[in-house]
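Contents: one structure, followed by commentary.
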Amino acid sequence: MNFEFSDEQNLLREQAAGFLADKCPPGAARAVLEGDASFDAQLFKGIADMGWTAATIPEKHGGLGLSYLELCVIAEELGRVVAPVPFSSSVYLATEALLLAGTDAQRRAWLPKLAAGAAIGTFALTESAGQPSPDRLATSCDNGSLTGTKLPVADGDIADFAVVVAKCDSGDGASLCLAPLDADGVTRTAVATLDPTRSHARIDFDHAAAEPLGAEGEGWELTRRILDRAAVLFAWEQVGGANAALEQAKEYAMGRYAFGRPIAGFQAIKHKLANMFVKNTLARSNCYYGAWALSTDASELPLAAATARVSAIQAYYFASKENIQTHGGMGFTWEFDCQFHYRRAKLLSVNIGSERTWQDRLISAVEAGQAT
Amino acid sequence: MDFGDTPEEASFRQEARAWLSANVPSKEELEGLDEVQRAKLWQMRKYEAGWACIRWPREYGGRGASAMEQVIWNQEESSFRTPASVFAIGQGMAAPTMMAWATEEQKRRYLPPLASGEHVWCQLFSEPAGGSDLAALRTRAEKDGDEWVVNGQKIWTSGAHFSDYAILVVRTDPEVPKHKGLTYFFVDMKSPGIETKPIRQISGESNFNEVYFTDVRIPDDHRLGAVGQGWQVAITTLMNERLAIGGGGGLGFRQVFELAQRLSIDGRPAIKDRSVRARLADWYAQESGLRFQGYRAMSALSRGEIPGPENSIGKYVGASKTQDMASFAIDLLEMSGVVSDPELSSHSGIFQYAFMGAPGLRIAGGTDEIMLNILAERVLGMPQDVRVDKGIPFSQVPTGAS
């Protein structure tokens, strides 16, 4: 038994943290928040040059063929700095969908580009308010013709292609298809969201060209598998963000004086931050379990993923809101950086299914006998 | 990262499991024995076969096992129904303190009977005037030749009435600031002048005692650490206390989960109710987080590092989790949830029992609030509270009683 990352993986973490401290200072997220750009293109190019977009892609498709543990390390560091890049859409979702269900031709067409950061992919599931389900899908894909509206789609305004979940009259009620987003019949409109440091769009497909990804009528099961895998990686991002929010709160509390002493000395503040630490530690330990399950393709991945996801959602939300509270009025101002974690925490708490959804999946996994 | 067993670990696990299957006492063997007798029978059987306190060195009664082997042994033993231990304080707190501070001769004399279960130890730290502020304790020890004469009162002592020895912190100098005037001893509980009185808890049970000292004489060679160094020695014990108390309490996710499978809400199994699932998922995630945090702590141990104050989270999270789960289970039972009679109650009354015991879990071994202070100060490096007794001779510190 060994419950720690290897020396090589820890070295990768140091390199990643150093790179991001240099290329993704707090000003990077702010520039995207306040500017016109959808993402930090220069940072994303740097990330691709570091090989991170290629991490889990096999060498024969232009990737590095590393394990998922390395990707977990990278995810945590990206989460810590609230990176304003389409990494998660492209790597955790689109790349995973291709690796899971793509034909050899589809993989050859897209994986080398994804690995090099020359193409951005995304995953388009949500169409309307409320929990998605096969019977609530309106988007259809018949004979290579895709019609429907997806809203919101993360990075939908900048992605080169999307993996789209469409309804299907047979099988589990859904099919996946792969749709280039520069095709005729595709209209993309950026939408305002809670977290403008991660762009989102409405995509209207009107008889747009698309090809099936995976077997017809197996799209819902594929979606579940893709989201289970992505959940572990997003959970690592959330844990990274939650720890950064705790550090931000602590730094402020140590330097802010009231009643003649640092507010960090008051138990009301100490207990708040200690509770952040507790939630972050539990989430991080569950993320280890998730990382292990993902990297070994363990049969209990659904349980491990849901467990990591539930505790990471709770930890990041708590840390992000109590970070603002610790800062007092200043934390509520536009000039302060507390808002970045508050925005990102809420985005990540619903982006691939809400806390309630993952709590439900966790118990389903226990009912299925995955818990030891 | 590898959560599976190595071939060596797998073979150790198999060996442990095989021994346990053949040696866990049967119901008939335990018939007619009280809790202490049962615990001693099981402990001695483990000791004789080399399965007691397996992490300890062989010369002190252990097996010289690795941290990982300890984890495996714990997993395997907990999968069997074995007599409850009465040795947690002796083996989990007194022993690590002895190993760090006692002479070689003392270790060879006192540790093997702790491992075999021949001796039960208790902990005499808390006092009526010193709970969370432990260092404010007042029990006095005065030197008389090669002996110390102890007078005062201790409280919240688990198992004092059946213990053979105790670890004890007393004040040897009231004229210096409070942390500097303490000294640490171990004491024979059969010494003349020691009187034990049970405390009745809200659960109706009496797990704790008051222990009175009247001119009790302790030889100076029962001192651990220097005179005045007692606080430093006590810290060794307290860090291990938090590990020993852990997140237990006898109630786990699985029991509440199974209850929710059996009961119904609106004509459907309660486990199908979304609000039930949400609560259960949170507790599962907490238990899982503690489990893997424990594995990470053991990984640190196996690298030769000592468990740090971050281990306070186990007891902090576990205590409230037990309380909340017990309360939730009683709610699921609706009106019949008030029935605590083990003969009539669902699951032999474990939920009602846990509910009445849980307030104690949140207090014993450091209250929730003290745990949070420890995390904030020792893990996060936040400043200590302002202490009005700092630097003042203990005898001049204001108290509510005077």
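The values are calculated or read from the model by the stated rules, or taken from the named source; none is laboratory data. All figures in this text were calculated on a predicted structure; none of them were measured in a lab. Positions of Cβ are backbone-derived with ideal geometry, glycine not excepted, and every protein chain shown enters the neighbour counts. The protein model used for the area step is the full one, side chains on, heavy atoms only, and it has no ligands, DNA or RNA in it. Shrake-Rupley method; radii C 1.70, N 1.55, O 1.52, S 1.80 Å.
Just one of (1) at pLDDT below 85; (2) facing another protein chain (nearest Cβ under 7 Å); (3) out of contact with any strand residue (DSSP E or B) (no Cβ under 8 Å at 6 or more places or on another chain) fails for B:Gln293. It is (1). Among the residues of the range A:47-63, those identified as aliphatic (A, V, I, L, M) and buried (at least 21 other Cβ atoms within 10 Å of the Cβ) are A:Ile47, A:Ala54, A:Ala55, A:Ile57. Mind listing whichever residues of the range B:158-188 are surrounded by 24 or more Cβ atoms within 10 Å (Cβ to Cβ) and assigned to a loop (DSSP other than H, G, I, E, B)? Answer for the range B:158-188, where residues must be surrounded by 24 or more Cβ atoms within 10 Å (Cβ to Cβ) and assigned to a loop (DSSP other than H, G, I, E, B): just B:Ser163. Only one entry of A:Ala253, A:Ala264 meets the criterion of being in contact with a strand residue (DSSP E or B) (Cβ under 7 Å, 6 or more places away or on another chain), of a type in the set (Gly, Ala, Ser), open to solvent by less than 10 Å² (accessible area, probe 1.4 Å) and in a helix (DSSP H, G or I), and that entry is A:Ala253. Only one entry of B:Met93, B:Met98, B:Met44 meets the criterion of being touching a strand residue (DSSP E or B) at 6+ places or on another chain (Cβ under 9 Å), in a helix (DSSP H, G or I) and modelled with pLDDT of 95 or more, and that entry is B:Met98.
One line per residue, one yes/no per condition, for (1) touching a residue at least 24 places away in the same chain (Cβ under 8 Å); (2) more than 7 Å from chain B (Cβ to nearest Cβ):
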| residue | (1), (2) |
| --- | --- |
| A:Pro262 | no, no |
| A:Gly265 | no, no |
| A:Ile269 | yes, yes |
| A:Thr281 | no, no |
| A:Asn286 | yes, no |
| A:Ser299 | yes, yes |
| A:Ala304 | yes, yes |
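Every test in (1) assigned by TED's automatic domain parsing to the domain that holds A:Ile352; (2) surrounded by fewer than 21 Cβ atoms within 10 Å (Cβ to Cβ) is passed by A:Ala244 save one, and that test is (2).
Criterion first (within 14 Å of another protein chain (Cβ to nearest Cβ), out of contact with any strand residue (DSSP E or B) (no Cβ under 6 Å at 6 or more places or on another chain) and under 29 Å from A:Gly156 (Cα atoms)) does A:Gln370 satisfy it? Full working, then the answer.
On the way: within 14 Å of another protein chain (Cβ to nearest Cβ): yes; out of contact with any strand residue (DSSP E or B) (no Cβ under 6 Å at 6 or more places or on another chain): yes; under 29 Å from A:Gly156 (Cα atoms): no.
Considered against the rule, which asks whether it is within 14 Å of another protein chain (Cβ to nearest Cβ), out of contact with any strand residue (DSSP E or B) (no Cβ under 6 Å at 6 or more places or on another chain) and under 29 Å from A:Gly156 (Cα atoms), A:Gln370 comes out as no.
Within the option set B:Gln75, B:Gln70, being buried (at least 17 other Cβ atoms within 10 Å of the Cβ), at pLDDT below 95, part of a helix (DSSP H, G or I) and not charged (D, E, K, R) holds for one residue only, B:Gln70. Within the range B:96-108, the set of residues being over 11 Å from B:Phe186 (Cβ atoms) and either in contact with a Phe, Trp or Tyr (Cβ under 9 Å, 6 or more places away or on another chain) or not β-branched (Val, Ile, Thr) (or both) comprises B:Pro96, B:Met99, B:Ala100, B:Glu104, B:Glu105, B:Lys107, B:Arg108.
If I ask for residues that are surrounded by fewer than 17 Cβ atoms within 10 Å (Cβ to Cβ) and not in a loop (DSSP other than H, G, I, E, B), which ones from the range B:47-66 would you list? Within the range B:47-66, B:Glu48, B:Arg58, B:Glu59 meet the criteria.
Let's see how each residue does on (1) under 18 Å from the mean Cα position of the chain (by Cα); (2) in contact (Cβ under 8 Å) with a residue 60 or more places away in the chain; (3) over 25 Å from B:Phe292 (Cβ atoms):
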{"site": "B:Ile313", "(1), (2), (3)": "yes, yes, no"}
{"site": "B:Ala326", "(1), (2), (3)": "no, yes, no"}
{"site": "B:Val339", "(1), (2), (3)": "no, no, yes"}
{"site": "B:Leu344", "(1), (2), (3)": "no, no, yes"}
{"site": "B:Tyr353", "(1), (2), (3)": "no, yes, yes"}
{"site": "B:Gly357", "(1), (2), (3)": "yes, yes, yes"}
{"site": "B:Ala376", "(1), (2), (3)": "no, no, no"}
{"site": "B:Val379", "(1), (2), (3)": "no, yes, no"}
{"site": "B:Pro383", "(1), (2), (3)": "no, no, yes"}
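For the range B:262-290, the candidate set comprises residues that are of a type in the set (Gly, Ala, Ser) and surrounded by fewer than 22 Cβ atoms within 10 Å (Cβ to Cβ); within that set, the residue that is farthest from the other protein chains (Cβ to nearest Cβ) is B:Gly267. Screening the candidates A:Leu12, A:Leu33, A:Leu66 for the property of being among the aliphatic types (A, V, I, L, M), open to solvent by 10 Å² or more (accessible area, probe 1.4 Å), in a loop (DSSP other than H, G, I, E, B) and on the phi < 0 side of the Ramachandran plot yields one hit, A:Leu66. When the residues of the range A:314-367 are filtered to those that are outside any helix (DSSP H, G or I) and in contact (Cβ under 8 Å) with a residue 12 or more places away in the chain, the one that is nearest to the other protein chains (Cβ to nearest Cβ) is A:Ser354.
Of all the numbered requirements in (1) more than 16 Å from the chain's Cα centre (by Cα); (2) open to solvent by 30 Å² or more (accessible area, probe 1.4 Å); (3) among the hydrophobic types (A, V, I, L, M, F, W, C), A:Val350 misses one, and that requirement is (1). In the range A:294-326, the qualifying residues are those that are among the hydroxyl-bearing types (Ser, Thr, Tyr) and within 18 Å of the chain's Cα centre (by Cα), and the one that is most open to solvent (accessible area, probe 1.4 Å) is A:Tyr317. The condition of being open to solvent by less than 20 Å² (accessible area, probe 1.4 Å), within 14 Å of another protein chain (Cβ to nearest Cβ), of a type in the set (Phe, Trp, Tyr) and in contact with a helix residue (DSSP H, G or I) (Cβ under 9 Å, 6 or more places away or on another chain) holds for only one of A:Phe5, A:Phe44, that being A:Phe5.
Residues are listed down the side, and each one gets a yes or a no for (1) in a helix (DSSP H, G or I); (2) crowded, with 21+ Cβ neighbours inside 10 Å; (3) of a type outside the set (Ser, Thr, Tyr); (4) free of Cβ contacts under 8 Å to residues at least 60 places away in the same chain:
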| position | (1), (2), (3), (4) |
| --- | --- |
| A:Thr147 | no, no, no, no |
| A:Gly156 | no, yes, yes, yes |
| A:Ala190 | no, no, yes, no |
| A:Pro212 | no, no, yes, no |
| A:Val239 | yes, yes, yes, no |
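Give the residue, chosen from B:Arg109, B:Arg138, that is assigned to a loop (DSSP other than H, G, I, E, B), without any contact (Cβ under 8 Å) to a residue 40 or more places away in the chain and either surrounded by fewer than 18 Cβ atoms within 10 Å (Cβ to Cβ) or on the phi < 0 side of the Ramachandran plot (or both). Break it down stepwise before answering.
Values: B:Arg109 fails: assigned to a loop (DSSP other than H, G, I, E, B).
Exactly one of B:Arg109, B:Arg138 is assigned to a loop (DSSP other than H, G, I, E, B), without any contact (Cβ under 8 Å) to a residue 40 or more places away in the chain and either surrounded by fewer than 18 Cβ atoms within 10 Å (Cβ to Cβ) or on the phi < 0 side of the Ramachandran plot (or both), namely B:Arg138.
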